[in-house]
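Here is the structure we will look at, set down as structure tokens.
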Amino acid sequence: MCTITSKQINQIQALILKAPHPKTLNQLLKLLANSDTPQNAFLLYNQMLHHPTCHNNYTFSHALKACFVSHSHQKGLEIHARVVKSGHLSDIFIQNSLIHFYVTQNEICSARRIFNSISAPDVVSLTSIISGLSKCGYEEEALLIFSKMNVKPNLATLVGVVSACSGLGDLGLGKSVHGYSLRSLDVNGILLDNALLDFYMKCGDFLSAEYLFVYMLKRDVVSWTTMVGGYARRGFCEEAVRIFKNMVQEGEAEPNEATLVNVLSACSSVSGLSLGRWVHSYIYSRPDLLAYSNNVGNALLNMYLKCGDVDMAIQVFNTLIHKDIISWSTIIRGMAMNGCVKQALQLFSLMLVHGIVPDDVAFLGLLSAGSHAGLVGQGLMFFKAMESVYGVVPQMQHYACMVDMYGRAGRLEEAEAFIRTMPLQADGPVWGALLNACRIHGDDEMFKRIRVGLLNSRGVSIGTFALLSNTYASSDRWDDANEVRDAMRSMGLKKMAGRSWIETVPANSGQDFDACLAEAAK
């Protein structure tokens with residue numbers, strides 16, 4: 001890659017006058033399109049158009065390359081119009097360039113129109129449209145085009161097909177594509193292997209993923225991160241950390257930001273504090289990661305808060321150079337989750353002082369804090385300010401928090417009245433919050449109405465149905481309890497056996513919280 005200077009641009013203008021030949025100028029146009037400043041290619045392109053003998057069909061392909069590299073959407077449309085006007089639209093190279101341009105702009109309908117106009121699509125055309133359809137969520141159409149291909153697919157084609165299989169979760173078809181690649185390609189290549197790894201992990205076929213990973217001829221940071229992230233998303237914390245430790249010890253590839261965020265997410269999901277600390281120590285050993293990127297720092301912050309180590313969370317928060325809305329929202333919600341209501345409210349005020357506009361997650365933390373502390377009045381004030389002051393439209397989780405807030409304070413009638421005034425139809429979490437309050441404070445008539453609301457709602461969790469059944473059972477209403485269990489079975493819901501993961505957290509280090517907040521205020 002190279003950067004084109006103003007002096008070189010002046011030389012371009014002189015070159016057009018001295019050597020107005022398409023072959024020479026197209027080579028320069030290609031160089032500009034592949035440079036660090038691809039928009040400079042448009043200057044040459046525009047001047048070439050002024051001279052009929054200075055451009056040909058390749059000129060448009062190179063100019064379109066500059067468009068999708070520089071994300072110049074309007075210029076791409078202009079070039080497309082010029083291609084139509086000049087009669088070059090039937091050229092396969094230009095058609096392929098247009099398909100690729102529209103795919104990179106997520107304009108799949110325009111890409112489809114170009115593709116459908118090609119009488120004999122080649123492997124480049126087919127690969128571009130298959131990859132584009134898969135990327136934009138039209139996986140079935142991508143696979144249909146692949147099934148009708150009358151030319152041999154290449155490695156890039158199969159990457160797009162595997163991506164489509166991943167999106168559909170079609171394990172059988174993906175395995176067939178894998179088998180085809182082994183029979184038809186001399187070497188799969190790391191791009192296809194990584195796509196297959198991602199496919200197997202998303203489909204939950206860990207055995208095939210591990211086998212492929214072990215026998216890959218070459219692995220890069222994407223390969224390792226795919227394995228770490230795949231296990232993390234499925235909740236296999238120890239497996240994710242095992243892969244991460246092997247990655248660090250073998251030194252085959254150096255963990256990047258995505259790797260660290262994934263492994264920290266795995267630790268957070270099961271409150272694996274000791275594992276999270278091990279990852280933190282690795283980050284500390286990397287000088288380039290000491291000044292945490294926002295993503296890594298926020299992941300560390302989230303991990304310590306979910307594991308209950310508030311002191312370390314505050315330390316990480318204070319270490320962040322650039323505290324964004326995610327940082328503030330995470331610390332506010334995390335403090336509320338750990339029972340530090342006063343501190344959560346102080347941090348919210350501090351966020352406003354720093355000029356950060358709160359988002360829906362920050363308000364979720366505030367409402368959760370108000371709920372746990374019984375601050376109904378203050379919580380209602382925050383709820384009203386969400387939309388009227390900050391323009392944040394309340395979501396179902398916010399309404400559930402408000403119902404929980406009223407319910408914990410024993411104000412059941414107000415909670416039920418609040419549900420009736422909601423602009424959204426109450427779903428499982430909202431009725432579940434009222435059910436829990438009703439179970440604590442007892443109200444048989446309201447309990448009947450809650451049951452009707454639950455059975456007519458969407459998104460009711462297994463846990464909420466189990467709570468409903470157990471509440472009936474605790475009142476010796478066994479017929480009602482069994483009726484709820486029968487309804488669960490008819491919906492294919494099954495309560496998994498409970499299990500616990502307990503990890504001892506050292507006693508508070510004695511760090512003064514007010515001092516931490518003072519540090520954060522700097």
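The values are calculated or read from the model by the stated rules, or taken from the named source; none is laboratory data. Small disclaimer: the values here were computed from a predicted structure and weren't measured. All Cβ positions, glycine included, derive from the backbone under ideal geometry; neighbour counts span all protein chains shown. Ligands, DNA and RNA are stripped out before the accessible areas are found, and what is left, the full protein with its side chains, is counted by its heavy atoms. Shrake-Rupley method; radii C 1.70, N 1.55, O 1.52, S 1.80 Å.
For (1) open to solvent by less than 10 Å² (accessible area, probe 1.4 Å); (2) closer than 24 Å to residue 302 by Cβ, each residue gets a yes or a no:
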site	(1), (2)
191	no, no
225	no, yes
252	no, no
257	no, yes
261	no, yes
267	yes, yes
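Please work out if residue 5 is at pLDDT below 80, under 21 Å from residue 72 (Cα atoms) and among the polar types (S, T, N, Q). Here the answer is yes, as residue 5 does meet what is asked.
If we keep just the residues of the stretch 107-122 that are open to solvent by 30 Å² or more (accessible area, probe 1.4 Å) and within 31 Å of the chain's Cα centre (by Cα), which is nearest to residue 155 (Cα to Cα)? If we take residues in the stretch 107-122 being open to solvent by 30 Å² or more (accessible area, probe 1.4 Å) and within 31 Å of the chain's Cα centre (by Cα), then 112 is nearest to residue 155 (Cα to Cα). Kindly indicate the residue of the stretch 310-346 that is modelled with pLDDT of 90 or more and among the β-branched types (Val, Ile, Thr) and also most open to solvent (accessible area, probe 1.4 Å) among those meeting that condition. So, considering only residues that are modelled with pLDDT of 90 or more and among the β-branched types (Val, Ile, Thr), the one most open to solvent (accessible area, probe 1.4 Å) is 326.
Return yes or no: is residue 300 out of contact with any His (no Cβ under 8 Å at 6 or more places or on another chain), modelled with pLDDT of 90 or more, within 19 Å of residue 323 (Cα to Cα) and in a helix (DSSP H, G or I)? Give the steps one after another, and end with the answer.
On the way: out of contact with any His (no Cβ under 8 Å at 6 or more places or on another chain): no; modelled with pLDDT of 90 or more: yes; within 19 Å of residue 323 (Cα to Cα): yes; in a helix (DSSP H, G or I): yes.
When the stated conditions are applied, residue 300 does not pass them.
Looking at the stretch 149-250, the helices (runs of 4 or more DSSP H) lying wholly inside it that each contain 1 or more residues that are of a type in the set (Ser, Thr, Tyr) and within 25 Å of residue 126 (Cα to Cα) sit at 155-168, 171-184, 190-202.
Can you tell me which residue is nearest to residue 66 (Cα to Cα) among those in the stretch 21-54 that are small (Gly, Ala, Ser) and out of contact with any Leu (no Cβ under 8 Å at 6 or more places or on another chain)? Full working, then the answer.
Step one: list which residues in the stretch 21-54 are small (Gly, Ala, Ser), which gives 33, 35, 41.
So of that shortlist, the ones also out of contact with any Leu (no Cβ under 8 Å at 6 or more places or on another chain) come out as 33, 35.
Details: 33: 4, 35: 9 Å.
Step by step, filter the stretch 21-54, then rank; the result is 33.
So which residues in the stretch 391-411 are over 33 Å from the mean Cα position of the chain (by Cα) and surrounded by 21 or more Cβ atoms within 10 Å (Cβ to Cβ)? Hits for the stretch 391-411 are 406, 407. For residue 254, the conditions (1) assigned to a helix (DSSP H, G or I); (2) charged (D, E, K, R); (3) touching a residue at least 12 places away in the same chain (Cβ under 8 Å) all hold with the exception of (1). Checked against the criterion of being open to solvent by less than 10 Å² (accessible area, probe 1.4 Å) and either of a type in the set (A, V, I, L, M, F, W, C) or under 21 Å from the mean Cα position of the chain (by Cα) (or both), the stretch 284-291 contains not a single residue that satisfies it.
Taken together, the criteria place residue 159 among residues that are touching a residue at least 24 places away in the same chain (Cβ under 8 Å) and among the hydrophobic types (A, V, I, L, M, F, W, C). Restricting attention to the stretch 427-456, the residues that are on the phi > 0 side of the Ramachandran plot and not in a loop (DSSP other than H, G, I, E, B) add up to 0. Counting only helices (runs of 4 or more DSSP H) that sit wholly inside the stretch 347-426, those with at least 3 residues that are among the acidic types (Asp, Glu) and free of Cβ contacts under 8 Å to residues at least 60 places away in the same chain are 412-420. Could you check the stretch 88-106 and list, in sequence order, the residues that are among the hydrophobic types (A, V, I, L, M, F, W, C) and surrounded by fewer than 19 Cβ atoms within 10 Å (Cβ to Cβ)? Across the stretch 88-106, the qualifying residues are 89, 92, 93.
Any residue in the stretch 19-27 that is open to solvent by less than 50 Å² (accessible area, probe 1.4 Å), at pLDDT 85 or above and among the small types (Gly, Ala, Ser)? No, the stretch 19-27 has no match at all. Within the stretch 361-390, the set of residues being closer than 23 Å to residue 321 by Cα and open to solvent by 30 Å² or more (accessible area, probe 1.4 Å) comprises just one member, 361.
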